[in-house]
Amino acid sequence: MLDIKKPKKILIVEDERIIALDIKRTLNQLGYEVTSIIDNGIDVLTSIEENQPDLILMDIMLNSDLDGIDIANIINVKYDIPIIYMTALTDDATVKRAKESQYNEFVNKPFNEINLAMKIQKVLNSEIKKI
């Protein structure tokens, strides 16, 4: 029987469309499947239920009352899906809030494709080891 590996599925949560499309292009070039691009906290949970991603790339600033940290906290209660924060926000208060939430990695924007690829691989490899 053939053992065909399905590409890992990644959900992009990003409020800036151009950045989201750049991230998607990068992920596709790396061989990942992008399940969807969500720009607000409200639709994230629906997308998770429908697409069951293996990883979430989470921006902190979103087009909703809840920011990425708020959504990550909800996800961590309901699901066992690793989260990588991707943000340009590096002020002390935001970084402190992010550190207090459960996340797997942190990528500053603008992002470096090689750095992003390495962090995704690291997180996905650590998830395989947990099984």
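Some observations on this one:
- Lys/Arg +1, Asp/Glu -1 at C-beta; the chain dipole; positive extreme among Ile114, Gln102, Ser64: Ile114
- Surface composition of the chain: carbon and sulfur atoms hold 52% of the protein heavy-atom accessible area at a 1.4 Å probe.
- Subtracting the Cα-Cα distance of Leu21 and Asn112 from 0.36 nm times their residue separation leaves 31.3 nm of extension gain.
- Whole-Hz Karplus values for the range 45-51 come out as 5, 4, 5, 4, 4, 6, 10 Hz, taken residue by residue from phi with 6.51 cos²θ - 1.76 cosθ + 1.60 and θ = phi - 60°; glycine and proline positions read x.
- Distance between modelled label sites at Asn76 and Met61, nm, 7 Å Cα→Cβ extension: 2.3 nm
- Anisotropy class assigned to the range 53-126 is oblate, per the alpha carbon gyration tensor with a/c at or over the 1.5 cut-off and a/b no larger than b/c.
- Calculated accessible area for the range 1-130 comes out at 58 Å² per residue, all protein chains present (probe 1.4 Å; ligands, DNA, RNA ignored).
- Highest-MSF residue in the chain out of Gly68, Gly31, Gly41 [GNM, Cα springs under 10 Å]: Gly31
- Residue order by solvent-accessible surface for Lys6, Lys122, Lys24 is Lys6, Lys122, Lys24, largest first, with ligands and nucleic acids left out and a 1.4 Å probe.
- Distances between placed amide hydrogens fall under 5 Å for Ser36 paired with Ile12, all partners being 5 or more residues away or on another chain.
- Computed from backbone phi with θ = phi - 60° and the Karplus coefficients 6.51, -1.76 and 1.60, the 3J(HN,Hα) list for the range 101-118 is 8, 8, 8, 9, 8, 9, 10, 7, 9, x, 8, 9, 4, 5, 4, 4, 4, 5 Hz; x is used for glycine and proline.
- Cα gyration tensor, the range 4-131 - rounded (a/c under 1.5), prolate or oblate: rounded
- Label-to-label distance for Gln102 and Asn51 is 2.2 nm, based on points extended 7 Å past Cα in the beta-carbon direction.
- Residue-wise HN-Hα coupling along the range 69-83, computed from phi with Karplus coefficients 6.51, -1.76, 1.60 (Hz; x: Gly, Pro): 5, 4, 5, 4, 4, 5, 4, 5, 6, 8, 9, 10, 10, x, 10
- Of the cross-linked pairs Lys8/Lys109; Lys6/Lys99; Lys96/Lys119; Lys8/Lys78, those separated by over 26 Å at the C-alpha level are Lys6/Lys99.
The values are calculated or read from the model by the stated rules, or taken from the named source; none is laboratory data. This is a predicted model, so every value here is computed, not measured. Glycine gets a Cβ as well: all are built from the backbone with ideal geometry, and neighbour counts include every protein chain shown. Heads up: the accessible areas ignore ligands, DNA and RNA and are worked out on the full protein's heavy atoms, side chains in. Shrake-Rupley method; radii C 1.70, N 1.55, O 1.52, S 1.80 Å.
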